[in-house]
Structure formats: structure tokens, C-alpha cells
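A.B. asks: After the C-alpha cells below, expect a handful of questions from me.
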Amino acid sequence: MAKRFENKHVLITGAARGIGFEIACQFAKEGAVLSLLDFSEALLEEAVAQLQLLTSVVHSYHVDISVRADVDLAVLTAENRQPIDVLINNAGIAFETPFLQIEEQEWKKILDVNLTGMFYVSQSVCRHMAIRKKGVVVNMSSKNGLDGEFGYAHYNASKAGVIMLTKTMALELAHLNIRVNAVCPGYIQTPLSETIDSKAFVDNFVKSYIPMNRVGKPNEIAPLFLFLSSEESSFMTGQILIADGGQLAGQKPGQSLIENI
């Protein structure tokens, strides 16, 4: 059976762990040539070693995507190896800080990585795609870009910005045959979140907010990026796919209401 991304060059930011690594694994299984960007050199090396077991071609770039010159150099190097067919903008960070306590440096850090960094990578890659009049971009947003959450004003703002960046890119690049869409996950349990959030916190969050009564897993989110990157979604651009266990559908009913259904 033919693989969906055989010899397609896929560049993924924030690819060394969590959802980004799972996305890379699933693209690798579909035959993609991978270029991985990440801020953590050690984690990047580990990711490459694991991915090389799934695909023969994996390149890595130790890059802070908030630094424009470093982004442009990495993208140019990747392009010179093989033209980039798909860009997955996954890199992002989050801090939990009440609005009145957010310091300027923390605000800037979140926006510099989650939004400005995404802009840098997208513009650098899309300038090459525009010459070929062909390409796909899939951005990582969040349920928090559509519905705020206490303690995350900067993160929420950055992810809302990603949604509008996605829509505007889609409008401006459609005539160049470049499609741009985004994915908005809800609470996804990653190795990082497992070290930060206690079981009691997770249980209470699920009980209070998620109708499906569980958190999501990276392997439930990664396929959405492959779908939006494939010919299966060839008539989709400027769209936002939400995967949040029903959290944004409305207020979760209490147990007493459920028992009476």
C-alpha cells in the first residue's frame, strides 16, 4: 500500500517531545522526509534517534524560533536539502500566572514563541512555497484560543492570535495554492503535563469540564495534522479543527442530570 507522504518533505517545529514528536512519528510511518526544529538540543537528539527507526531521512535543527535569523538559516538549509512540502507549526510554551501578576518579560516570552515565532517560520517557509505555488501549513492553536482560561491571559491571547494568523494566511495564500489550517486541542496529557499537573488536578478538571470524562492523548491529535496536510483535505483552508472532548460544546452537565437522561 502506498504511503500518503512518501518522499514528501515535512518540517515540524517543537518536534522533540509531546504532540510534536507524535506528529513526527506518524508522518515518519507514512514515508515522509523529516526536518525537525526544537529549542532543546538534547531532546532533539533523542527524538531523531527514535525516528530513524521509522524512516530513513531525518534532519534536525537546534533553533529558537523567536530568533528570526536562526529561523531563516534553518529553513534555507532544509529547503536546500529538499523543497518543503508541508509545514507543521507546533512549537509553543505556556506559563500559569494570574493576569495582574504577569510581568512584561513573561508576556513577551509567550508571544515571542507562540505567535511571533510561528509568523517567522511561516513567512520563511511560505516564501519558498509561493515560488512553487504549492504547499500546506498546519498551525497548532488551542481550545484556549477560542475560550479563555483563568491564569493564562498571555497563552490565551497567543493562541487566539494563531487562529487569526491562520485565517489571514489562508486568505492571502490561497491563490498561490498554499493551504493553511489549524488544530485546537483541549486538555492533552503529554509527558510534560504529567510532570506538572497532579492526578488530583487532572481528575477535578475532567470532572468539571470535559463531557467525555477523560483527557486526550497525543496520538489522538497527531492524525488531524496528517489529515489537514493530505489530499484528503484538499478543499479545506482557513479552517479550525477542535479536539477537546466536548469542552467547548457547552457547560458540562452534572451527574444528577446525566442519571435522569
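A.B. asks: Given (1) farther than 19 Å from Asn219 by Cα; (2) surrounded by fewer than 19 Cβ atoms within 10 Å (Cβ to Cβ), identify the lone condition not met by Lys3.
C.D. replies: For Lys3, the failing item is (1).
A.B. asks: Any residue at all in segment 130-150 that's in contact (Cβ under 8 Å) with a residue 40 or more places away in the chain, over 30 Å from Lys8 (Cα atoms) and among the small types (Gly, Ala, Ser)? Working first, answer last.
C.D. replies: Filtering segment 130-150 down to residues in contact (Cβ under 8 Å) with a residue 40 or more places away in the chain leaves 130, 132-143, 146-147, 150.
Now narrow it down to the ones that are over 30 Å from Lys8 (Cα atoms): 146-147, 150.
Checking the rest, the ones that are also among the small types (Gly, Ala, Ser) come to none.
No, the conditions are met nowhere in segment 130-150.
A.B. asks: Being in a loop (DSSP other than H, G, I, E, B) and touching an Asp or Glu at 6+ places or on another chain (Cβ under 9 Å) narrows it down to one of Ala2, Ala16, so name that one.
C.D. replies: Numbers: Ala2 fails: touching an Asp or Glu at 6+ places or on another chain (Cβ under 9 Å).
Going through Ala2, Ala16 in turn, the sole match is Ala16.
A.B. asks: From the residues in segment 149-174 that are buried (at least 22 other Cβ atoms within 10 Å of the Cβ) and β-branched (Val, Ile, Thr), which one is nearest to the chain's Cα centre (by Cα)?
C.D. replies: The extreme case among them is Val162.
A.B. asks: Quick one: how many residues across segment 6-22 are surrounded by fewer than 19 Cβ atoms within 10 Å (Cβ to Cβ) and small (Gly, Ala, Ser)?
C.D. replies: Selection size over segment 6-22: 0.
A.B. asks: Among the numbered criteria (1) at pLDDT 95 or above; (2) out of contact with any Ser or Thr (no Cβ under 7 Å at 6 or more places or on another chain); (3) over 30 Å from Gly148 (Cβ atoms); (4) not hydroxyl-bearing (Ser, Thr, Tyr), which single criterion is violated by Ile102?
C.D. replies: Only one criterion in (1) at pLDDT 95 or above; (2) out of contact with any Ser or Thr (no Cβ under 7 Å at 6 or more places or on another chain); (3) over 30 Å from Gly148 (Cβ atoms); (4) not hydroxyl-bearing (Ser, Thr, Tyr) is unmet by Ile102, namely (3).
A.B. asks: Please go through (1) in a strand (DSSP E or B); (2) in contact with a Leu (Cβ under 6 Å, 6 or more places away or on another chain) for Ser158 and return the number of the only condition it doesn't satisfy.
C.D. replies: All conditions are met except number (1).
A.B. asks: Then there's this: Of the numbered conditions (1) surrounded by 15 or more Cβ atoms within 10 Å (Cβ to Cβ); (2) without any contact (Cβ under 8 Å) to a residue 12 or more places away in the chain; (3) closer than 22 Å to Pro191 by Cβ, Cys25 fails exactly one; give the number of that condition.
C.D. replies: For Cys25, the failing item is (2).
A.B. asks: Could you please tell me which pairs satisfy a Cβ distance under 6 Å, a separation of 6+ or placement on different chains, a first residue in segment 68-82 that is touching a residue at least 24 places away in the same chain (Cβ under 8 Å), and a second residue that is in a helix (DSSP H, G or I) and aromatic (Phe, Trp, Tyr)?
C.D. replies: From segment 68-82, the pairs are Arg68/Tyr120; Val71/Tyr120.
A.B. asks: Follow-up question, since we're still on this one. Across segment 205-261, what is the total count of residues that are on the phi > 0 side of the Ramachandran plot and at pLDDT 95 or above? Break it down stepwise before answering.
C.D. replies: From segment 205-261, those on the phi > 0 side of the Ramachandran plot are 213, 238, 245-246, 250; that's our starting set.
Those still in the list that are at pLDDT 95 or above too: 213, 238, 245-246.
Count: 4.
The values are calculated or read from the model by the stated rules, or taken from the named source; none is laboratory data. Being a predicted model, the structure only gives us computed values, none of them experimental. Positions of Cβ are generated from backbone atoms using ideal geometry, with glycine treated the same way; all protein chains shown enter the neighbour counts.
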